[in-house]
């Protein structure tokens, strides 16, 4: 039903367990016994396989992230450098969602429960929701879709990494941060001069989500010198072509 009912789909995205396809290592284990009869177990990866894993509902994962960043649990543990940011953002998002859902429950005459997920499920089962017209149902669905997207971004944030390669489009090896230019003054970007570094190194920047099973497909890259944008597979191809051209030119000049 949720496939044809956007409101129900939005509720279930927050309250139902999430299924995800991801790659899992195939581990080979074998046991060897030495002359003293001591057994040693050896493991090594022989390949990968696609598996389906079931994750808790998004609202429960948000609660776990708050508890773990406060030291009350390890379920949603983040890197130490990320814990403080996750703590503040997750707590604010949880409070915002909880307050809104309680307001919805009051409008629907639904008794308040302990957890936001239980409140949302009870609200969705109420007569109030069944009698919603199409416009109001679309409004509530859009709000919940934004909540779900926000939680997913917090739990698996975009990560950034710069590359040592020059840009395959403009061939820049440096870039300049425009935010460092002072208003009213000419930009300080200067033409390259031998032995003098004019800007920041590594203009190529890739952005990706570490835990997304479609990390390669959804990830992207940008050259901070010329603004060219790439998909990750596209960038890999362009860099390989540029490297091949450089090798060929080197062989020609020898």
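Just wondering, is there one or more residues in the range 190-200 that are surrounded by fewer than 17 Cβ atoms within 10 Å (Cβ to Cβ), at pLDDT 80 or above and assigned to a helix (DSSP H, G or I)? No, there is no match, as no residue in the range 190-200 is surrounded by fewer than 17 Cβ atoms within 10 Å (Cβ to Cβ), at pLDDT 80 or above and assigned to a helix (DSSP H, G or I). Would the range 208-216 turn up any residue that is surrounded by fewer than 17 Cβ atoms within 10 Å (Cβ to Cβ), more than 14 Å from residue 170 (Cα to Cα) and at pLDDT 90 or above? No; the residues of the range 208-216 include none that is surrounded by fewer than 17 Cβ atoms within 10 Å (Cβ to Cβ), more than 14 Å from residue 170 (Cα to Cα) and at pLDDT 90 or above. Filtering the range 73-86 down to residues that are under 23 Å from residue 120 (Cβ atoms) and crowded, with 16+ Cβ neighbours inside 10 Å, which residue is modelled with the lowest pLDDT? So the residue we want is 76.
Taking the conditions exactly as written (out of contact with any strand residue (DSSP E or B) (no Cβ under 6 Å at 6 or more places or on another chain) and modelled with pLDDT of 95 or more), does residue 97 satisfy them or not? So residue 97 fits the description; yes. Anything in the range 219-250 that is farther than 22 Å from residue 173 by Cβ and either touching a helix residue (DSSP H, G or I) at 6+ places or on another chain (Cβ under 6 Å) or at pLDDT below 85 (or both)? List them, or say none. 219, the sole residue that qualifies. Taking the range 217-241 as the range and being surrounded by 16 or more Cβ atoms within 10 Å (Cβ to Cβ) and in a helix (DSSP H, G or I) as the test, the residues that pass are 232, 235, 238, 239.
The values are calculated or read from the model by the stated rules, or taken from the named source; none is laboratory data. Everything numeric here is computed off the predicted structure, so don't read it as measured data. Note that we place each Cβ from the backbone using ideal geometry, even for glycine, and neighbour counts take in every protein chain shown.
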